[in-house]
Amino acid sequence: MSIGPAAQLRHDLRTPLNHIIGYAEILLEEIEGGDRPDLVAGLGALRADARELLGLLNSVLARGGTDPPDLAAARGTLVPLLERLRSAAVALRREASEIKGGALLPDIERIHAATERLAALLDLGSGPVEAASPGRTPGAEGPEPDKPGSVILVVDDNEDNRDLLARRLRRQGHEVLTAPGGREGLDTLARTPVDLVLLDVMMPDLDGYAVLQRIKGDPALRDIPVLMISALDELDSVVRCIQLGAEDYLGKPFEPVLLQARVGACLEKKRLHDEEQRHRRALTEMNLTLEQRVAEQVMQLERLGRLKRFFSPQLAELIVAGGADDPLKTHRREVTVVFLDLRGFTAFAETAEPEEIMELLREYHAEMGRLVLAHEGTLERFTGDGMMVFFNDPVVVPDPAERAIRMAVAMRDVVVGLSAGWRKRGWDLGLGVGVSQGYATIGAIGFEGRWDYGAIGTVTNLAARLCGEAGAGQILISAKVAGGVEDLIDAEEMGPLTLKGLARPVRIWSVRGLAAGRR
């Protein structure tokens, strides 16, 4: 976008007035209420004259034309004000030089230089125009805030413009970075996070339009708000900046209160945007975590359902929660094995109807299963009326033999009650139980799609043989079991017994019940 000569002149004339008004306001803020009322009065008068001159120039340089306006006609109005400004600047410089330490002198030198630049631009005759601002005195910009607020980047090719803005913003508690041109401003943005950019329009290396376009075209930078600050007041310039993505456009010289309000609005919008982005990221992470948790829980539920085919719910949940090793992996452990089945079941099955058999088994299995779960046993399998249960796997439990005996006694008592009802229907059935203790190899047995949980070893054979020898209502146990629970049971030794599949006779005991005081 090309800048016409009239717009260029308006920009060039407003820039030194911006410096005069801006530095006068900063100095007044610093010394008001102090012991130099004469200096306060002089600065106040200078600021008022500068504002009046700005108003006159705005009238003379009214927008609409493209050719440079004829300032000669306004000379009679402009010259007296300008000369008052120049005289006031000289007087203030002389007065400031007499103040001990000369803390105010650098800013008054800037005011004086700006009045001479303005006189040169208006071709009204002047002394030497200072091209550069005076050197800065340490501390002249005011103290840095203890805790910087937002980080603001000021991009302007004019050093006094940068200085005025930086000092204003630092007084408001912000951390300020500066760049003397568009390219350096983009370099700063590439390496330093900022919350707001104050951007001049007319710069020699890369103008504000191009810088704004690059910022808004970069995914990493496009969310940084940009506030255009320029002495260029062309409506086309304002519209173009807004269309390119600028938050606002503030003309120079600017009112400090208006600058603070615009900066505050931009920073609040950035804060809300950043907060929204944080919430979005947190929600995305939460959703991802939730999906992972749901997937993990589904896997746990599937594993739990599979394990509940073999274990009590308590043990299956403990395994899934990590309280036990994978039980389906083949391992060796000492267990207490309980075999039980119904005496007289074969004869019953030969004469009863299938529906009657299923009804009896449902009632029998329900009661036996309840007791298996209550004593935290592991049900290995059903075989019609036969059941095999073992203790101490997959989770090691205290007193597995005691649990097995208590369960066997409870099962016998329950079947006694069931048998009374069965006999009324002509079914003469009783429970036989065998219990042994020893080492077994335990793990998954089967093939993909159909796995069972099995225990293999002499201990299971012995329990099965003892069950086969037991009469109705009888619980036969091995010597090892009897030795481990002798204080718990009321039992009688049956003597050595030769059992099928075992090379030597086995000493066995018959359990009459639990010992007195142990029930």
Quick one: is Ser436 over 27 Å from Asn461 (Cβ atoms) and polar (S, T, N, Q)? no
On the given criteria, is Arg271 within 16 Å of Val197 (Cα to Cα) and either assigned by TED's automatic domain parsing to the domain that holds Asp195 or among the polar types (S, T, N, Q) (or both)? yes
Return yes or no: is Gly471 at negative phi and among the small types (Gly, Ala, Ser)? yes
Test Ala444 against the criterion of being in the same structural domain as Pro398 (by TED's automatic domain parsing), part of a helix (DSSP H, G or I), under 60 Å from the mean Cα position of the chain (by Cα) and on the phi < 0 side of the Ramachandran plot, and give yes or no. no
Give me a count of the residues in segment 390-448 that are basic (Lys, Arg) and in contact with a Cys (Cβ under 9 Å, 6 or more places away or on another chain). 0
What are the residue pairs meeting all of these: first residue in segment 241-267, first residue under 24 Å from Gln213 (Cβ atoms) and in contact (Cβ under 8 Å) with a residue 40 or more places away in the chain, second residue β-branched (Val, Ile, Thr) and assigned to a helix (DSSP H, G or I), Cβ atoms under 7 Å, and 6 or more apart or on different chains? Lys252/Thr15
Only one of Leu304, Leu259, Leu267 is farther than 30 Å from Gly55 by Cα, touching a helix residue (DSSP H, G or I) at 6+ places or on another chain (Cβ under 9 Å) and either among the aliphatic types (A, V, I, L, M) or not in a helix (DSSP H, G or I) (or both). Can you tell me which? Leu304
With Leu476, Leu466 as the choices, which residue is touching a strand residue (DSSP E or B) at 6+ places or on another chain (Cβ under 7 Å), closer than 20 Å to Arg507 by Cβ, part of a helix (DSSP H, G or I) and assigned by TED's automatic domain parsing to the domain that holds His331? Leu466
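Let's see how each residue does on (1) surrounded by 19 or more Cβ atoms within 10 Å (Cβ to Cβ); (2) in the same structural domain as Pro253 (by TED's automatic domain parsing); (3) at pLDDT 80 or above:
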{"site": "Ala72", "(1), (2), (3)": "no, no, no"}
{"site": "Ala89", "(1), (2), (3)": "yes, no, yes"}
{"site": "Arg93", "(1), (2), (3)": "no, no, yes"}
{"site": "Gly102", "(1), (2), (3)": "no, no, no"}
{"site": "Glu109", "(1), (2), (3)": "yes, no, yes"}
{"site": "Ala114", "(1), (2), (3)": "yes, no, yes"}
{"site": "Leu124", "(1), (2), (3)": "no, no, no"}
In segment 163-175, which residues are under 33 Å from the mean Cα position of the chain (by Cα) and closer than 21 Å to Arg110 by Cα? Leu169, Arg170
If Ala366 satisfies all but one of (1) in contact (Cβ under 8 Å) with a residue 12 or more places away in the chain; (2) over 26 Å from Asp490 (Cα atoms), what's the number of the condition it fails? (1)
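The values are calculated or read from the model by the stated rules, or taken from the named source; none is laboratory data. All values reported here derive from a predicted model rather than from experimental measurement. Please note: Cβ atoms are built from the backbone with ideal geometry, for glycine as well, and neighbour counts cover all protein chains shown.
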